[in-house]
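Visitor: Mind looking over this structure? Questions follow.
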Amino acid sequence: MRILSGIRPTGKVHIGHYVGVFENWLKLQNEGHDTFYFVADWHALTTHYEDTSELTANTFELVKTMMAVGLEKSTLFVQSAVKEHAELFLLFAMVTPLSWLERVPTYKEMRQQITNRDLSNAGFLMYPVLQAADILIYKADGVPVGEDQVYHVELTREIARRFNYIFKKEVFPEPKELLSKVPKLLGTDGRKMSKSYGNTIPLITTEQELSKMVMPMVTDTNRKRKSDPGNPEVCPVWDYHKAFGTADNPEEKQWVYEGCTQAKIGCVDCKRLLLKNMVNKLQPIWDRYNSISEEQVRAKMEEGNEKARMVTQDTMKEVREAVQIMY
C-alpha cells in the first residue's frame, strides 16, 4: 500500500505533532508500506504568505526532525521541489466546482477563528485542490489524517472521480483516509495546544527544559490541595500519561489512578512520573537529532525529492495524455 501525508513548516514541531502525526507515520512505515511524507511548504503559504522569513529554516528543521523520530525508511521530500504538484493542481482547478470549495467545513471554521491573518486569498480557498493533487499524483492508497481532515480526503475522491469521468480515463484511484486513535494533548495551561498561546512543548528540547514545562502544567482544577481527591479523566496530565506509556503499564496506571482518586499522591508526584516516562521515550530522538549533520539532511531531501519526481513525472504523462495537452 502506498501512503502519502504531509505537514506544514509553520513553526517548531511540538509534542502534539509527535503523538498525533509522527507516531502514526512510524507505525505505517514499520508495517512495510511504501510511505511518502513531505514538507508542505506551499500549503504553509496559504495562511503564512505575508512572512516567509523562516520558511526555509523551518523546512530544513522539519526534515531533520522527521529523520530523528525514525522515518529514515520513508521517502521524505519537499513539496515545492516537485513542480508536478503545481501542474496537477492547475488542471484540477479547471474541473473543480467553486461550490465544492465553499462548502468545506474547515474553510468556514478557520475564516471565523483565525482573525489575526488575512485569509481572503484564493490560495486559502483552493488549498483542498492542492491537497488533492498532492495525494492523487502519487496514486496513494491511504492517507493518514485526523478527524478534521476526513472531509478533505472525501473531496479528493470526488475530484478523482470527476477528472476520470470528464476525460474518460481511469487515471486516478480513490484513496482512503487512515484514522488512528491518539490522545488529544492540551497545552501546558489546559487550553488547546497552540503556538499562539505559548503553551506548546517542543519535541526537540532537553530534560532540564522539559521539566520546566511539565512540572507547572495545569491539572484537575478540583485538586486545590494534596488531600483533595481528583479525577484523572478530566486532568490534562492523564492524557500525557496515555501518550507516554503510563496507561499501558498496569502498576503505574494503578498508582496514578488510585493515588489521584484517593488523594494518596500529589500532582507533583504524578508529573514526576510523567517526566520520567517522557524523557525515556524522547531521549533517543534527541540523541539522533543531535547526531544528524546538515549534509545528511540535505542528502535525504535530495534523495526523496528525486524519488518523488520520478513517480510524479510518470503520473503527469498519463494526465497529459488524458487531457490531450501537447506538452
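The values are calculated or read from the model by the stated rules, or taken from the named source; none is laboratory data. As the structure is a prediction and not an experimental result, all values here were calculated from the model. Note that we place each Cβ from the backbone using ideal geometry, even for glycine, and neighbour counts take in every protein chain shown. Just so you know, the surface numbers come from the protein's heavy atoms only, side chains and all, with ligands and any DNA or RNA stripped out. Shrake-Rupley method; radii C 1.70, N 1.55, O 1.52, S 1.80 Å.
Visitor: Select from the stretch 115-167 the residues that are over 18 Å from Arg103 (Cβ atoms), of a type outside the set (S, T, N, Q) and without any contact (Cβ under 8 Å) to a residue 12 or more places away in the chain and list them in ascending order.
Guide: Of everything in the stretch 115-167, just one residue is over 18 Å from Arg103 (Cβ atoms), of a type outside the set (S, T, N, Q) and without any contact (Cβ under 8 Å) to a residue 12 or more places away in the chain, namely Tyr165.
Visitor: Something else about it: Would you mind stating whether Lys276 is open to solvent by 40 Å² or more (accessible area, probe 1.4 Å) and in a loop (DSSP other than H, G, I, E, B)?
Guide: Judged against the criteria, Lys276 is not a match.
Visitor: I'd like the residue in the stretch 196-217 that is assigned to a loop (DSSP other than H, G, I, E, B) and over 23 Å from the mean Cα position of the chain (by Cα) and, out of all such residues, is nearest to Leu273 (Cα to Cα). Let's see the steps before the verdict.
Guide: First, pick out the residues of the stretch 196-217 that are assigned to a loop (DSSP other than H, G, I, E, B): 198-201, 203-206, 215-217.
With the extra rule that they be over 23 Å from the mean Cα position of the chain (by Cα), the set shrinks to 215-217.
Numbers: Met215: 10, Pro216: 14, Met217: 13 Å.
Across the stretch 196-217, the extreme among qualifying residues is Met215.
Visitor: Those residues that are part of a loop (DSSP other than H, G, I, E, B) and either at pLDDT 95 or above or on the phi > 0 side of the Ramachandran plot (or both), I need them from the stretch 80-121; list them, please.
Guide: Passing the criteria: Val82, Lys83, Thr96, Pro97.
Visitor: Follow-up. Do we have any residue at all in the stretch 250-258 that's in contact with a Pro (Cβ under 8 Å, 6 or more places away or on another chain) and part of a helix (DSSP H, G or I)?
Guide: Yes, some residue in the stretch 250-258 is in contact with a Pro (Cβ under 8 Å, 6 or more places away or on another chain) and part of a helix (DSSP H, G or I).
Visitor: A follow-up question, please. If the requirement is being out of contact with any strand residue (DSSP E or B) (no Cβ under 9 Å at 6 or more places or on another chain), open to solvent by 30 Å² or more (accessible area, probe 1.4 Å), free of Cβ contacts under 8 Å to residues at least 40 places away in the same chain and of a type outside the set (S, T, N, Q), which of these qualifies: Ala44, Ala57?
Guide: None of the other options fit; the residue is Ala57.
Visitor: With respect to the numbered conditions (1) open to solvent by less than 30 Å² (accessible area, probe 1.4 Å); (2) farther than 30 Å from Leu186 by Cβ; (3) under 23 Å from the mean Cα position of the chain (by Cα), which one is the sole condition not fulfilled by Ala322?
Guide: Failed condition: (3).
Visitor: Now for a different question. Find the residue count for the stretch 125-140, including only residues that are under 18 Å from the mean Cα position of the chain (by Cα) and surrounded by fewer than 19 Cβ atoms within 10 Å (Cβ to Cβ).
Guide: Count: 0.
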